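A.B. asks: Before anything else, here's the structure in question.
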Amino acid sequence: MKHLHLMLASALSPGLALATTTSYDEALKLSETVVTSNRDVQPREQSSTPTTVFTRADIERLQPGSVLDLLSRVPGVQVTRAGGRGSTSGLYIRGTKTAQSLVLVDGQRIGSASAGGAPLEYLNVEQIERVEVLRGSRSAIHGADAIGGVVQIFTRRATGEGLNPRLRVGYGSNHSWERSLGLSGGDADTRFNLGLSADDSRGINRSHTRAAPDSDRDAYRNNAFSANLSHRFSEALEAGFSVLDQRGESEYDGGWEGAYPYTDYQLTSYSGFLDAQLLPDWKSRLEVGHSENRSVERFDDVPASSPFNTYRNSLAWLNTLDLGDGHSLLLGADGYQEQLNSTTAYAEDSRWNHALLAQHRYRGERFSTELGMRHEKNQQFGSANTFSAALGYQLDARNELILSYAEGFRAPTFNDLYWPGGGNPDLQPETSKSYELQWRSQVAERTALQASVYRTDLRDAISGWPTENIDKARINGFEGSLQHELLGWQVALGLSLIDPRDRSTGKQLNRRAKRTLSLDVDRQLGDWSLGATWQAVSRSYDDVDNQREIAGHGLLGLRGNWQATAELALGLKVDNVLDKGYSRAQYSDGSWPVTHYSEYREEGRTALLSLTWTPVL
């Protein structure tokens with residue numbers, strides 16, 4: 001016991017020092033910190049995983065229409081949509097598919113237990129404080145599904161002390177309205193934030209069909225509420241609670257003949273935490289949460305519906321210990337239980353997943369190391385161990401190399417296993433091994449460069465319909481990012497080159513482009529700010545046999561903002577300035593006996609004018 005007490009009384013690294021001097025809410029506003037990498041506040045430069053962070057200031061500058069618009073700027077990340085705003089989306093991090101990446105809201109999983117993906121298309125950016133994107137497997141820390149990477153979204157936090165109201169109204173193309181109202185405030189110890197928003201759009205016809213019911217515009221509506229409360233009882237104890245609720249309706253094409261289909265959705269996340277500095281060198285964090293992902297497919301004038309509702313409860317206990325001389329240790333346990341409610345006849349509709357995790361980190365003058373292990377136990381598939389390791393070497397004050405290895409694990413979804421006519425109850429869990437070499441360089445005072453080469457080997461990857469475990473898949477990739485100031489312009493460039501292959505057939509993995517590029521340029525001119533975005537995506541294939549090609553595309557966007565007074569700002573953005581016709585996915589037109597496929601339509605040139613009022617009370 002004496003030895004244990006001495007171990008706990010040693011010290012954790014600068015990361016813990018940062019966490020104890022900066023509150024959790026304050027850390028979420030800093031671009032130089034990261035929370036998701038090791039499930040605790042730490043300097044971003046100390047994370048072994050390539051990480052992209054969007055703060056609230058970034059969101060207001062870039063004026064994205066959705067979380068997907070933000071993610072498409074991240075090197076190595078591709079997004080797909082089935083036709084315009086509010087349509088079903090896909091997330092592909094480093095060539096892995098949607099269900100192979102983990103999405104969190106304030107630490108809570110929001111993915112569907114049936115389909116596996118998270119409904120990112122429904123998240124309103126006005127309720128978001130911060131988005132962190134980790135590229136590469138992080139299963140040793142976050143568990144199942146984190147093969148390609150992790151996306152964590154943090155709800156809106158208070159801005160300063162006192163009362164701070166805000167109002168935003170926007171109107172744009174396709175009769176689109178964006179309205180939000182918020183109030184935040186507090187003092188040095190207690191902070192709160194309340195937010196409401198209501199967005200709706202008449203939308204576009206997502207298909208090329210001219211016959212009813214698919215010839216109409218497909219509208220989208222989203223109503224959102226978020227609340228956050230945190231209180232610091234002392235320097236050693238802080239607690240907080242947050243809730244996010246998004247609900248609405250998204251119309252689509254491809255329903256029954258004569259019926260107009262749409263999806264009623266609701267996404268809700270509740271999370272609470274308790275941070276305690278138990279000893280000078282022992283920090284403990286308790287997290288508890290509940291999430292609901294509800295989706296009901298309906299048809300006008302047809303008395304039928306298809307609900308797919310996921311309910312998930314979770315609990316985590318994380319302990320960060322300082323062992324002295326640059327050594328630290330993370331010990332934790334977490335678990336969740338998920339329940340699927342649906343009218344579809346699934347052979348099983350609930351399961352639990354429990355895990356123990358440990359990670360040792362060392363940071364010296366030249367070398368840094370990281371060694372992690374997680375023991376996972378799944379109710380359906382038994383136990384699985386995942387390991388991760390990283391070695392960093394500081395070449396000089398400006399350059400660092402990081403060599404890393406990580407394993408991943410993912411259990412099949414209920415659709416993979418039990419969907420009538422397509423599920424396969426004999427499926428095995430997917431596993432992965434990833435190898436990566438990073439170079440991080442502060443080339444000059446205002447120029448930062450990062451580059452990575454990596455390889456991910458997937459075994460028993462789940463593919464096709466009916467589903468099956470393909471023998472192996474392999475993804476080789478390169479990605480680079482550049483942050484630079486040129487003649488007063490802030491430049492952010494991201495490039496990704498990947499080669500995702502099914503090794504049994506040699507075919508390119510579907511819906512994954514080999515080349516993507518994103519370029520943002522912004523400049524502040526007094527009360528005015530100007531910016532532009534260029535994004536390019538190469539061709540891909542919609543099917544696993546590589547017979548249905550999706551053409552590549554390039555999109556240009558412009559934006560501007562005028563701070564008319566201290567309280568009033570006007571914003572204007574124009575997306576797809578060149579009015580390019582493009583698609584990110586295909587659909588079957590229902591023809592028989594020969595099936596024909598068409599491309600979903602995406603929005604052409606669109607504009608949105610917004611007014612933001614932040615009165616001073």
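The values are calculated or read from the model by the stated rules, or taken from the named source; none is laboratory data. Since we're looking at a predicted model, the values are computed, not measured. Methodologically, a virtual Cβ is constructed for each residue, glycine included, from the backbone with ideal geometry; neighbour enumeration extends over all protein chains shown. Heads up: the accessible areas ignore ligands, DNA and RNA and are worked out on the full protein's heavy atoms, side chains in. Shrake-Rupley method; radii C 1.70, N 1.55, O 1.52, S 1.80 Å.
A.B. asks: Which residue, of 337, 380, is among the polar types (S, T, N, Q), outside any strand (DSSP E or B) and under 30 Å from residue 263 (Cβ atoms)?
C.D. replies: 380
A.B. asks: Name every residue in region 98-156 that is closer than 23 Å to residue 512 by Cβ and among the charged types (D, E, K, R), in order of residue number.
C.D. replies: Result: 121, 132, 135, 138, 145.
A.B. asks: Out of curiosity, is residue 336 at pLDDT 95 or above, buried (at least 16 other Cβ atoms within 10 Å of the Cβ) and either farther than 18 Å from residue 356 by Cα or among the β-branched types (Val, Ile, Thr) (or both)?
C.D. replies: In short, no.
A.B. asks: Of everything in region 81-93 that's open to solvent by 10 Å² or more (accessible area, probe 1.4 Å) and not hydrophobic (A, V, I, L, M, F, W, C), which residue is farthest from residue 219 (Cα to Cα)?
C.D. replies: This residue is 92.
A.B. asks: Now a separate question. Scan 217, 166 and give me the residue that is of a type in the set (D, E, K, R) and closer than 18 Å to residue 617 by Cα.
C.D. replies: 166
A.B. asks: Report, by residue number, each residue of region 470-482 that is open to solvent by 50 Å² or more (accessible area, probe 1.4 Å) and either in contact with a His (Cβ under 8 Å, 6 or more places away or on another chain) or modelled with pLDDT under 90 (or both).
C.D. replies: Matches in region 470-482: 471, 472.
A.B. asks: Go over the candidates 134, 91, 120, 104 one by one and state the one that is under 10 Å from the mean Cα position of the chain (by Cα) and more than 25 Å from residue 414 (Cβ to Cβ).
C.D. replies: The unique qualifying residue is 134.
A.B. asks: I'm trying to understand the selection: among the residues of region 272-303, which are farther than 17 Å from residue 231 by Cα, under 25 Å from the mean Cα position of the chain (by Cα) and open to solvent by 60 Å² or more (accessible area, probe 1.4 Å)?
C.D. replies: 294 - this is the single residue of region 272-303 that is farther than 17 Å from residue 231 by Cα, under 25 Å from the mean Cα position of the chain (by Cα) and open to solvent by 60 Å² or more (accessible area, probe 1.4 Å).
A.B. asks: Among the residues of region 238-253, how many are open to solvent by 30 Å² or more (accessible area, probe 1.4 Å) and out of contact with any Asp or Glu (no Cβ under 7 Å at 6 or more places or on another chain)?
C.D. replies: 2
A.B. asks: Among the residues of region 507-529, which ones are part of a strand (DSSP E or B) and surrounded by fewer than 15 Cβ atoms within 10 Å (Cβ to Cβ)?
C.D. replies: 515, 525, 528
A.B. asks: Is it true that residue 473 is in a strand (DSSP E or B), aliphatic (A, V, I, L, M) and more than 18 Å from residue 78 (Cβ to Cβ)?
C.D. replies: Spelling it out, it is not the case that residue 473 is in a strand (DSSP E or B), aliphatic (A, V, I, L, M) and more than 18 Å from residue 78 (Cβ to Cβ).
For (1) of a type in the set (Asp, Glu); (2) touching a helix residue (DSSP H, G or I) at 6+ places or on another chain (Cβ under 6 Å); (3) not in a strand (DSSP E or B), each residue gets a yes or a no:
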| position | (1), (2), (3) |
| --- | --- |
| 328 | no, yes, no |
| 351 | no, no, no |
| 356 | no, no, no |
| 360 | no, no, no |
| 389 | no, no, no |
| 396 | yes, no, yes |
| 420 | no, no, yes |
| 424 | no, no, yes |
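Yes or no, residue by residue, for (1) of a type in the set (A, V, I, L, M, F, W, C); (2) open to solvent by 10 Å² or more (accessible area, probe 1.4 Å); (3) more than 24 Å from the chain's Cα centre (by Cα); (4) farther than 18 Å from residue 101 by Cα:
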site: 400; (1), (2), (3), (4): no, yes, yes, yes
site: 412; (1), (2), (3), (4): no, no, no, no
site: 427; (1), (2), (3), (4): yes, no, yes, yes
site: 431; (1), (2), (3), (4): no, yes, no, no
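A.B. asks: Let me ask something else. Going through 306, 269 one at a time, which residue ends up being open to solvent by less than 50 Å² (accessible area, probe 1.4 Å), in contact (Cβ under 8 Å) with a residue 40 or more places away in the chain and among the polar types (S, T, N, Q)?
C.D. replies: Going through 306, 269 in turn, the sole match is 269.
A.B. asks: Under 7 Å between Cβ atoms, at least 6 apart or on separate chains: pull out the pairs that start in region 377-392 with a residue that is closer than 19 Å to residue 330 by Cα and end on any residue that is open to solvent by 30 Å² or more (accessible area, probe 1.4 Å) and hydroxyl-bearing (Ser, Thr, Tyr).
C.D. replies: 388/405; 389/405; 390/369; 391/369
A.B. asks: Give me the pairs: first residue in region 325-342 and within 9 Å of residue 310 (Cα to Cα), second residue aliphatic (A, V, I, L, M), beta-carbon distance under 9 Å, and six or more apart or on different chains, which are they?
C.D. replies: 338/113; 339/113; 340/113
A.B. asks: Let me ask you something else. What are the pairs with Cβ atoms under 6 angstrom where one residue, in region 502-529, is in contact (Cβ under 8 Å) with a residue 24 or more places away in the chain and the other, located anywhere, is open to solvent by 80 Å² or more (accessible area, probe 1.4 Å)? Sequence gap at least six, or different chains.
C.D. replies: Hits for this filter: 504/471; 519/534; 521/489; 522/490; 523/489; 528/562.
A.B. asks: Then there is this: Residue by residue through region 541-566, note down the ones that are open to solvent by 60 Å² or more (accessible area, probe 1.4 Å) and closer than 30 Å to residue 61 by Cβ.
C.D. replies: 558, 562, 563, 565, 566
A.B. asks: Quick one: count up the residues across region 162-181 that are under 28 Å from residue 604 (Cα atoms) and either among the hydroxyl-bearing types (Ser, Thr, Tyr) or assigned to a strand (DSSP E or B) (or both).
C.D. replies: Of the residues in that region, 11 qualify.
A.B. asks: What are the residues in region 115-130 that are of a type in the set (A, V, I, L, M) and in a loop (DSSP other than H, G, I, E, B), if any?
C.D. replies: Within region 115-130, 115, 118, 123 meet the criteria.
A.B. asks: Is it true that some residue in region 204-223 is in contact with a Pro (Cβ under 7 Å, 6 or more places away or on another chain), in a strand (DSSP E or B) and open to solvent by less than 40 Å² (accessible area, probe 1.4 Å)?
C.D. replies: no
A.B. asks: Counting just the residues of region 48-62 that are surrounded by fewer than 22 Cβ atoms within 10 Å (Cβ to Cβ) and not aliphatic (A, V, I, L, M), which one comes out farthest from residue 185 (Cα to Cα)?
C.D. replies: Restricting to residues being surrounded by fewer than 22 Cβ atoms within 10 Å (Cβ to Cβ) and not aliphatic (A, V, I, L, M), the top hit is 51.
A.B. asks: Something else now. Would you be able to tell me the number of residues in region 374-385 that are at pLDDT below 95 and buried (at least 23 other Cβ atoms within 10 Å of the Cβ)?
C.D. replies: Total meeting the criteria: 1.
A.B. asks: I've got another one for you. Could you tell me which numbered condition residue 195 fails, if it satisfies all but one of (1) of a type outside the set (S, T, N, Q); (2) touching a Pro at 6+ places or on another chain (Cβ under 8 Å); (3) open to solvent by less than 10 Å² (accessible area, probe 1.4 Å)?
C.D. replies: Evaluating residue 195 over (1) of a type outside the set (S, T, N, Q); (2) touching a Pro at 6+ places or on another chain (Cβ under 8 Å); (3) open to solvent by less than 10 Å² (accessible area, probe 1.4 Å) leaves (2) as the failure.
A.B. asks: Does residue 346 qualify as being of a type in the set (Phe, Trp, Tyr) and assigned to a loop (DSSP other than H, G, I, E, B)?
C.D. replies: yes
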